[in-house]
Amino acid sequence: MTLFGWAQIALVLGVILLSAIPLARYIDAVAAGRVRFLAAIERPFYRLARIDPDRSQGWQAYAVSMLAANAAGFVILYAILRLQGVLPLNPQGFDAPSPWLAFNTAVSFVTNTNWQSYGGESTMSYLSQMAGLAVQNFLSASSGVALALALSRAFAAGGLDALGNFWADFVRITLYVLLPLALALGAVFAVLGLPQTFAPYVEATTLEGASQTIPLGPVALQVAIKHLGTNGGGFFGANSAHPFEGPLALATALQIWGQQVIPFAMALAFGHIVGDPRQGRVLAGVMLAYTVVGTLLIYWAEASGNPLHIAAGIDPALGNMEGKEVRFGMALAALFAATTTGVACGAVNGMLDSFTPIGGLVPMFLIQLGELLPGGAGSGLYGMLVFALLAVFIAGLMVGRTPEYLGKKVQARELKLAMLAVLVLPASILGFAAISLVLPFAVSSLQDAGPHGLSEMLYAYSSATGNNGSAFGGLGADTPWLNTTLGIAMLLGRYAYVVPVMAIAGSIGAKVKAPASVGTFPTHGPLFAGLLAGVILIVGGLSFLPALALGPLAEHVVMAAGRTF
């Protein structure tokens, strides 16, 4: 680890936080309907769909609207993929993906997972990339932000029987937040060298006289929304490690900025919505602390190097550069790995399969903690609020008081729903991974045996259920079993989580908001921040530490002894 590396990390995180402050105020204004400079574009959407944006919805109607929007997105995207061979803007003449792969991909992008069992530049037409995948990059992110706004309103006032209008939130977040940011960031990416063209692939002759196909396409704008929407699905199979997605260290730094600025802004916007900015700062502080610690651990593990490489004569000063791009350096690779997995983005600029065991464990564990550090666009905030309810409940047990959060009493109904949401992740991740590891046709997809092979399978279901989408590597996932079960895991991770969250919003919103008293447990200071961070770590540790001990931790012990499986 170097001082220059830490300076890079500090600079990028500092710019993210400074940008999130004004963006939080802007998101608050958009949520309240005070931003309407695109009203002439906004109104036709409502008229066409026969929707009254001023008609507020209860939690059931809000949740059903979200599910309907996502179901329609799945059907449209699946149809585009299956008809790819006969649709236009397919200069390479790619055939349609198989039904299994089309199902997996459609579910993946609708749920904001963006798991890719395919190579984008070798299987997807320009139309599929733009009208299919990129559109869902916008809409899946808007769905998550809308749900977070509804839950925020539930804490802001008492006696509510409605939480806003999903369709209005959905449209406004897309038009006023995601679209302007994506256009601006996409233009910057194009200047930095990312392609933005409909030209066919280029056939070039190498210096050795061989023929090489250079893929092109409308890359810059899709890369912009892949990060801003915390999606992660790259135009190219190598994702942000590809020179047309990550040509420079500056482009990588901007991608890290893009995938973190909205999640941090959402936490700060929560404080504005509930009328107490300190509440938002506490949530953002916990998110930042986990981001920094995760980056530190990955950076340390990779800078320490691999004893097997050192024994083979590689300079230990280089650290473990296997699977990393020299043009980014180890510091930005570590920060990218920590942020993309803590954010639920899933983009990668290095091969996690080639990280050291501890370097690979940290991204996996950040996913397993619930993708809320800082989490996806919207999903990070409502995930943090679920854990905040659990934290005040534990605090109430310790001091013998009825738990409250922002003046709302937290009772049995809310806690049952919170635990139902929290248990979705371990049930799906550990359940599917355990089944797959005893099925011969599933195990045959693994590249490696021993603890590393276990990590490959465990990471896949962690990524799918956590709606992250990054891949550990070494797993041949394009099989009927993995395409189907990973798709089911994505659905569970998104919808089996958000429906209880919306039920919590309805229950909390209906409660009377009580004023703070002398006995109220404060939730705006460092004490609550520490409690919240501890609850997140304990829940994750109790759920996943045994599995991690059999995978990356066991591999680390073997590696430290200078042996391999």
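The values are calculated or read from the model by the stated rules, or taken from the named source; none is laboratory data. None of the values given here were measured: they were computed from a predicted structure. Here the Cβ is made from the backbone with ideal geometry for all residues, glycine too, and neighbour counts use every protein chain on show.
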- Item | Residues of the range 12-59 satisfying the condition of being in contact (Cβ under 8 Å) with a residue 40 or more places away in the chain, farther than 26 Å from Asp276 by Cα, of a type outside the set (Asp, Glu) and in a helix (DSSP H, G or I) | Val12, Ile41, Phe45, Tyr46, Ala49
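One line per residue, one yes/no per condition, for (1) in contact with an Asp or Glu (Cβ under 8 Å, 6 or more places away or on another chain); (2) under 19 Å from Leu437 (Cβ atoms); (3) surrounded by fewer than 18 Cβ atoms within 10 Å (Cβ to Cβ):
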residue: Gly476; (1), (2), (3): no, yes, yes
residue: Val498; (1), (2), (3): no, no, no
residue: Pro526; (1), (2), (3): no, no, yes
residue: Ile536; (1), (2), (3): no, no, no
residue: Met559; (1), (2), (3): no, no, no
residue: Gly562; (1), (2), (3): no, no, yes
- Message: Glu245 - would you say it is assigned to a loop (DSSP other than H, G, I, E, B), within 25 Å of Lys324 (Cα to Cα) and among the charged types (D, E, K, R)?
- Response: yes
- Task: Give me a count of the residues in the range 326-359 that are among the aromatic types (Phe, Trp, Tyr) and either in contact with a Pro (Cβ under 7 Å, 6 or more places away or on another chain) or assigned to a helix (DSSP H, G or I) (or both).
- Result: 1
- Task: Might you check whether a residue that is part of a helix (DSSP H, G or I), crowded, with 23+ Cβ neighbours inside 10 Å and touching a strand residue (DSSP E or B) at 6+ places or on another chain (Cβ under 8 Å) occurs anywhere in the range 360-380?
- Result: no
- Task: Name every residue in the range 413-428 that is surrounded by 15 or more Cβ atoms within 10 Å (Cβ to Cβ), farther than 14 Å from Ala388 by Cβ and in contact with a Ser or Thr (Cβ under 7 Å, 6 or more places away or on another chain), in order of residue number.
- Result: Leu425, Pro426, Ser428
- Counted residues, the range 162-204 - those being surrounded by fewer than 21 Cβ atoms within 10 Å (Cβ to Cβ) and among the charged types (D, E, K, R): 1
- Note on the structure: Residues of the range 533-555 being more than 20 Å from Gly383 (Cβ to Cβ) and among the small types (Gly, Ala, Ser), in sequence order, are Ala547, Ala549, Gly551, Ala554
- Message: Please go through the range 77-112 and give me each residue that is part of a helix (DSSP H, G or I) and touching an Asp or Glu at 6+ places or on another chain (Cβ under 9 Å), ordered by number.
- Response: Gln84, Gly85, Trp100, Leu101, Asn104
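Conditions (1) more than 22 Å from Pro440 (Cα to Cα); (2) touching a helix residue (DSSP H, G or I) at 6+ places or on another chain (Cβ under 6 Å); (3) modelled with pLDDT under 90, marked per residue:
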{"site": "Glu456", "(1), (2), (3)": "no, no, no"}
{"site": "Asn468", "(1), (2), (3)": "yes, yes, no"}
{"site": "Phe472", "(1), (2), (3)": "no, yes, yes"}
{"site": "Gly506", "(1), (2), (3)": "yes, yes, no"}
{"site": "Leu531", "(1), (2), (3)": "yes, yes, no"}
{"site": "Ile536", "(1), (2), (3)": "yes, yes, no"}
{"site": "Val539", "(1), (2), (3)": "yes, no, yes"}
{"site": "Gly551", "(1), (2), (3)": "no, yes, no"}
- Tell me which of these Val75 doesn't satisfy, since it passes every other one: (1) modelled with pLDDT of 95 or more; (2) of a type in the set (A, V, I, L, M, F, W, C); (3) within 23 Å of Ile262 (Cα to Cα). (3)
- Task: State yes or no: is Ala146 touching a Leu at 6+ places or on another chain (Cβ under 8 Å), buried (at least 18 other Cβ atoms within 10 Å of the Cβ) and part of a helix (DSSP H, G or I)?
- Result: no
- Which numbered condition Val539 misses (of (1) hydrophobic (A, V, I, L, M, F, W, C); (2) touching a strand residue (DSSP E or B) at 6+ places or on another chain (Cβ under 8 Å); (3) under 30 Å from Tyr62 (Cα atoms)): (2)
- Task: Evaluate the following for Gln8: is it closer than 25 Å to Val286 by Cβ, in a helix (DSSP H, G or I), in contact (Cβ under 8 Å) with a residue 40 or more places away in the chain and polar (S, T, N, Q)?
- Result: yes
- Query: Hey, any hits in the range 439-448 for a residue that's in contact with a helix residue (DSSP H, G or I) (Cβ under 6 Å, 6 or more places away or on another chain) and within 28 Å of Ser140 (Cα to Cα)?
  - Reply: no
- Of the conditions (1) over 30 Å from Glu414 (Cβ atoms); (2) at pLDDT 85 or above; (3) of a type in the set (Val, Ile, Thr), the single one that Ile310 does not satisfy is (2)
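Return yes when Val223 is assigned to a helix (DSSP H, G or I), within 18 Å of the chain's Cα centre (by Cα) and closer than 30 Å to Ile508 by Cα and no when it is not.
No: the conditions fail for Val223.
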- Query: Going by the conditions given, is Ile358 within 22 Å of Leu548 (Cα to Cα), touching a residue at least 40 places away in the same chain (Cβ under 8 Å), of a type outside the set (D, E, K, R) and touching a His at 6+ places or on another chain (Cβ under 6 Å)?
  - Reply: yes
- Query: Restricting attention to the range 149-161, and to residues there that are surrounded by 24 or more Cβ atoms within 10 Å (Cβ to Cβ) and not aliphatic (A, V, I, L, M), which single residue is farthest from the chain's Cα centre (by Cα)?
  - Reply: Phe155
- Message: Any residue in the range 141-169 that is on the phi > 0 side of the Ramachandran plot sitting within a Cβ distance under 9 Å of a residue that is of a type outside the set (A, V, I, L, M)? List the pairs, counting only those 6 or more apart or interchain.
- Response: Gly159/Gly509; Gly159/Lys511; Gly159/Lys513; Gly164/Ser56; Gly164/Gln57; Gly164/Tyr62; Gly164/Arg153
- Message: Quick check on my filter: what residues within the range 119-128 are surrounded by fewer than 21 Cβ atoms within 10 Å (Cβ to Cβ) and closer than 19 Å to Gly487 by Cα?
- Response: Gly119
- Query: On the given criteria, is Ala344 crowded, with 24+ Cβ neighbours inside 10 Å and more than 12 Å from the chain's Cα centre (by Cα)?
  - Reply: no
- Pairs only if they're at least six apart or on different chains, beta carbon under 6 angstrom, first in the range 265-281 and under 16 Å from Ala157 (Cα atoms), second part of a loop (DSSP other than H, G, I, E, B); list them, first residue then second. Val274/Leu406; Gln279/His524
